[in-house]
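FYI, it's all coordinate maths here, none of it is from the lab. Quantities reported herein were computed from a predicted structural model and do not represent experimental measurements. No Cβ is skipped: glycine too gets one built from the backbone with ideal geometry, and neighbour counts run over all protein chains shown.
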Amino acid sequence: MKPNAQADNEQNQASQPSLLSRIKSCLVSAPQKPQTADLPAEQVLRQSDLFEHETNEVLTALSQLVRADNYPAGSYLCRQGTAGDRLYFIVDGQINIKMSLGNTDGPVKIASVGAGAVLGLIDLADHQGCSADCIAAADVLTFSLNRETWEKLFKQDDAVGSAMRLAVIREFCKNIAATNDYVGSHP
């Protein structure tokens, strides 16, 4: 990002502080961990921040519930303002995150994420709709979990259900910390 564009983007975000927390409804985490499309779902889940400390039993159970999806460059995983219906674990490729800020001509790129990123968790939890467009910048391979399965897992009284609930709590804590950091750096 060019320095002037970054400054304009920061100024736009400073004038609308609630945007930072809403961005997280689409973008969960973006660790920079190398992965390939050949990894099994269990290994991809383990490499995500959400489940990196879970037992093999939990990861095996989750890996049997996800499906592989391919998105060609230019396709949307979700659109700003629409209800999200999937939790995406990015296996390979790049996703551009763009948001309409209301005071700009068209959506502004706010992030780019790749393998290891997880998209859609907060939207599944709060039903507020995706706050940004998530667009495949290159061909993308994901493992995904649909809303119905996610909601059933979230309500389960077992290790898998507990893992899903802890993932949401961890992500909310990260969002609060990020918001506090943002507010603290923009008096």
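Set the Förster distance to 25 Å, then compute FRET efficiency between Q64 and D85 from the Cβ-Cβ distance, nearest 0.05. Rounded to the nearest 0.05, the efficiency is 0.80.
Ordering of 140-151, 57-68, 125-136 by packing is 125-136, 140-151, 57-68, highest average first (other Cβ atoms within 10 Å, averaged per residue).
Phi angles of the stretch 107-124 translate, via the Karplus equation with coefficients 6.51, -1.76, 1.60 and θ = phi - 60°, into HN-Hα couplings of x, 10, 6, 10, 6, 9, 10, x, 3, x, 6, 10, 10, x, 5, 5, 4, 5 Hz per residue; Gly and Pro are given as x. Each of I135, M99, V113 was placed along the dipole of the stretch 93-187 (beta-carbon charges, centred on the mean Cα), and the one lying farthest toward the positive end is V113.
Do the alpha carbons of any pairs in K98/K155; K109/K155; K109/K174 sit beyond 30 Å of each other, and which pairs? Cα-Cα > 30 Å for K98/K155; K109/K155; rest within.
For the stretch 77-89, putting each phi into the Karplus relation 6.51 cos²θ - 1.76 cosθ + 1.60 with θ = phi - 60° gives couplings of 7, 7, 10, 3, x, 9, 6, x, 10, 8, 9, 10, 10 Hz, in residue order, rounded to whole numbers and with x for Gly and Pro. Once amide H atoms are placed 1.01 Å from N in the peptide plane, what residues at a sequence separation of 5 or more from C78, or on another chain, have their amide H within under 5 Å of its amide H? For C78, the qualifying residues are C134.
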